[in-house]
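The structure appears right after this line, and notes come after that.
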């Protein structure tokens, strides 16, 4: 009887030991992730808090994380001391037009490369991938010369028109995503009399919508935060994007140590990104979940 009792209790002890080890591991992972999250969100909290501080609190030691009085005066000054409103308008025009139209053309190109058969398909796709390996400084001067000759410098066209034809990274990502969709779906739709464009917007696009949303947000972020291309092509203050306006704030008011003003402008520039993330949060989570299941 004692031997039987020992055999029955031994697996129970091992199970409890494994559960305890798993619990300790989860606690350690939670603590590490929490510390990492604090380090990542601390600069954001500091930026928002600094925008409400006065000059004395900015240079106070030890650092003041929470200002004594939340004075929103700097959020009023940023609209008076620079063309912030026109910068936001120009950035929105560029980012929305490029991402909306460019995402559509990129999805069409990915559908063509992923599911259609045409001559030199693989060679053309490899040519696109080769273009990804060329750094922007290599083509920067030739592009500037071309846009100068056609009179596009100091307009928004050099920042909009090239992106309307698609994004290579998005085409590559969506093409890889489309490989998981069986070709039998496309063939069945063709038998039912669907055109290729109808197959795209009725079948393909709803299936790849989470991936499209994730790529659209990444592309929107890249365009919104772009500084190099706008500073090359835009000269007039009313044509400048938000990032150039903030850079001018930094160059002008950092000398005067008016860091609350710079931080207030930075908070305003961050708000559209937060709005885009909140709107597409569900699609981002779906994209990550589907990618994890496929992996």
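Bear in mind that the values in this text are calculations on the coordinates, not laboratory data. Bear in mind that the values here come from a model prediction, so they are computed numbers and not experimental data. Methodologically, a virtual Cβ is constructed for each residue, glycine included, from the backbone with ideal geometry; neighbour enumeration extends over all protein chains shown.
Observations
- Largest mean-square fluctuation among 193, 151, 166, in a Gaussian network model of the chain whose springs join Cα atoms under 10 Å apart, belongs to 193.
- Normalised contact order of the chain, rounded percent, pairs of Cα under 8 Å and 6 or more residues apart: 30
- GNM top mover of 91, 266, 180 - the chain, alpha-carbon springs below 10 Å: 180
- Seen from all directions on average, the chain presents a Cα convex hull projection of 27.2 nm².
- Our estimate of slack between residue 46 and residue 194, defined as 0.36 nm per intervening residue step minus the Cα-Cα distance, is 47.8 nm.
- When the range 47-174 is reduced to its Cα atoms, the Kirkwood hydrodynamic radius in Å: 19.0
- Helix-only mean residue ellipticity at 222 nm for the chain, each DSSP H run of n ≥ 4 adding -39500 (n - 2.57), per residue, nearest 500: -24000 deg cm²/dmol
- Note on 44, 270, 261: ascending count of other Cβ atoms within 10 Å places them as 44, 270, 261, the fewest first.
- Mean separation of Cα contacts under 8 Å (6+ apart) over length of the range 67-223, as relative contact order %: 38
- Here, the range 32-90 yields an orientationally averaged convex hull projection of 5.9 nm² when only Cα atoms define the hull.
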